[in-house]
Amino acid sequence: MITPSRACLLALALLPVAASASADSISRRPFGQKDGKSVFLYTLTNARGASVQITDYGGIVTSIKVPDRAGRLGDVVLGFDSLGRYEKDSPYFGALIGRYANRIARGRFTLDGKTYTLFVNNGPNSLHGGKAGFDKKVWAATPTHPRGGIGLALRLVSPGGEEDYPGALAVRVVYTWTDDDALRIVYTAVTDKDTVLNLTNHSYFNLAGAGSGTVLDTRMQINADSFTPVDTTQIPTGALRPVAGTPFDFRRPHAIGERIDRPDAQLRIGQGYDHNFVLRGHGLRVSARAYSPRSGRVLTEYTTEPGVQLYTANFLDGKLRGKGGKLYARRGAFCLEAQHFPDSPNHPRFPTTELKPGRAYHQTTVYQFSTY
Ligand code: GLA
């Protein structure tokens, strides 16, 4: 016979099963207005109950809630609670970056014999698309339901000459949140005139939880034998420097904080890590892996791109308050920006960032979460 207390225990034992069998879902709520357009916040919840929030403003990933080693959900990306804060205060938290992620020296490049002059917004250089990059546009969003997950397709048309880049661009980014806690980002774009393009996502990760202090204890592994050293304005010198024997050697996992303050000229320029790593191999392969000893969370990044920018949030000053009023520490996050190399239009020996009519730009990058 089943006594009431045994029935209770049974019900408890059954609960997690019931939860894991629940279906995935996507919902949206208003997130404000930008230039007369309504902005929405989409919540994608997978069959395990882990969730991602994305807004159509900037294609920004505003939260990623994934389990720690004890199964507790926690938000692992930095961000804000309101659209206004993203518009005013954001150092590109979670955003889609274009047309050109990272820097173009002195905001100038030459293509087909013509010199283009871009808006300069980072010392003498143009950074992350100029004055109003893709991170500041309202994208057209459509929920999708691919197998094994849920998705949000975002579309943006960038008119010819926007931010002084040549060519009209049609860009499509599809975020898919899978039932095994992977955020897959597929980018495609076409142009009507020769142009340059370098897209990325600028999520700031803290695997112990956004606002839980620094990421100096996070162990990082990057599948790169070399990196692109920079001048004092953070423009690549053109060299590919072997990581062997330098603080940039992440071929085996090292704590981010282990060597970040070494008296190294490159680290001094970035005030820590803010460098492009030259990834091994081609096609969709593992580019980097980060382990948080405090939470047990692991992030594995896969990408088809040739490089990844490791940025350890050196320019956060510890005064910025984010979601839930939490203070974000200097070095309170790391970014793994999958990309072509910075300033490629001025470095003919770097993999090309040129896009021509009749050809399609394509990138796939995956952020896979797990625990250890
Ligand atoms: C990139 C750059 C950094 C910094 C951040 C945004 O990672 O490389 O130097 O500009 O974006 O603050």
Open item on the list: Can you return the aspartates and glutamates within cross-link range of Lys137? Criterion is Cα-Cα under 14 Å, with same-chain partners fewer than 8 residues away left out.
Closed with: Asp35, Asp56, Glu87, Glu162, Glu163
Open item on the list: If you count only protein heavy atoms and use a 1.4 Å probe, how large is the accessible surface of Lys131, to the nearest 10 Å²?
Closed with: 130
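Which net charge results when you count Lys and Arg as +1 and Asp and Glu as -1 among the other residues whose beta-carbon is under 15 Å from that of Gly49?
With Lys, Arg at +1 and Asp, Glu at -1, the net is -3.
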Open item on the list: How far apart, in nanometres, would the label points at Glu87 and Ala255 be if each is projected 7 angstrom from Cα along the Cα-to-Cβ direction?
Closed with: 4.3
- [ ] Would you mind calculating the gained length between Tyr372 and Thr246 on full extension (0.36 nm times residue separation, minus the Cα-Cα distance), in nm to one decimal?
- [x] 42.6 nm
Task: Which listed pairs, of Lys131/Lys319; Lys193/Lys323; Lys136/Lys319; Lys37/Lys65, have C-alpha distances above 32 Å, in listed order - done: Lys193/Lys323
- [ ] Using amide H atoms built 1.01 Å from N in the peptide plane, name the residues 5+ places from Ala182, or on other chains, whose amide H lies under 5 Å from its own.
- [x] Phe369
Open item on the list: Compute, for the chain, the length of the dipole vector about the Cα centre, with Cβ point charges of +1 (Lys, Arg) and -1 (Asp, Glu) only. Units Debye, rounded to 20.
Closed with: 500
TODO: Write down the accessible area per residue of segment 106-204 in Å², having rolled a 1.4 Å probe over the full set of protein chains.
DONE: 39
- [ ] Mind grabbing the base-10 log of I(q)/I(0) for the chain at q = 0.06 Å⁻¹? Debye formula, identical points on the C-alpha positions, no solvent, two decimal places.
- [x] -0.23
Task: Average accessible surface area per residue within segment 270-372, 1.4 Å rolling probe, Å² - done: 38
Task: Amide H within-cut-off set for Gln339, under 5 Å, with H built and near neighbours excluded - done: Gly307, Val308, Gln309
- [ ] For an R0 of 25 angstrom, estimate the FRET efficiency from the Cβ-Cβ distance between Asp194 and Ala265 and round to the nearest 0.05.
- [x] 0.10
TODO: List the relative contact order of the chain as a percent without decimals, with contacts defined as Cα pairs under 8 Å and 6+ residues apart.
DONE: 17
Task: Choice from Gly32, Gly151, Gly332 with maximal GNM fluctuation in the chain (Cα, 10 Å cutoff) - done: Gly32
Open item on the list: Show me, for segment 211-222, the HN-Hα J-couplings you get by feeding each phi into the Karplus relation (A = 6.51, B = -1.76, C = 1.60, θ = phi - 60°), rounded to Hz, glycine and proline as x.
Closed with: x, 9, x, 7, 9, 4, 8, 5, 8, 10, 10, 10
Open item on the list: If you roll a 1.4 angstrom probe over the protein chains with everything in place, what fraction of the accessible area of segment 213-372 belongs to carbon and sulfur, to the nearest %?
Closed with: 52
- [ ] Using a cut-off of 12 Å between beta-carbons, work out the net charge of the residues near Val120 (Lys and Arg +1, Asp and Glu -1, Val120 not included).
- [x] +2
Task: Local electrostatic count at Pro306 - Lys and Arg +1, Asp and Glu -1, tallied over other residues with Cβ under 15 Å - done: -3
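The values are calculated or read from the model by the stated rules, or taken from the named source; none is laboratory data. Being a predicted model, the structure only gives us computed values, none of them experimental. Here Cβ is always computed from backbone atoms with ideal geometry, including for glycine, and neighbour counts include all displayed protein chains. For accessibility, only protein heavy atoms count, side chains too; no ligands or nucleic acids. Shrake-Rupley method; radii C 1.70, N 1.55, O 1.52, S 1.80 Å.
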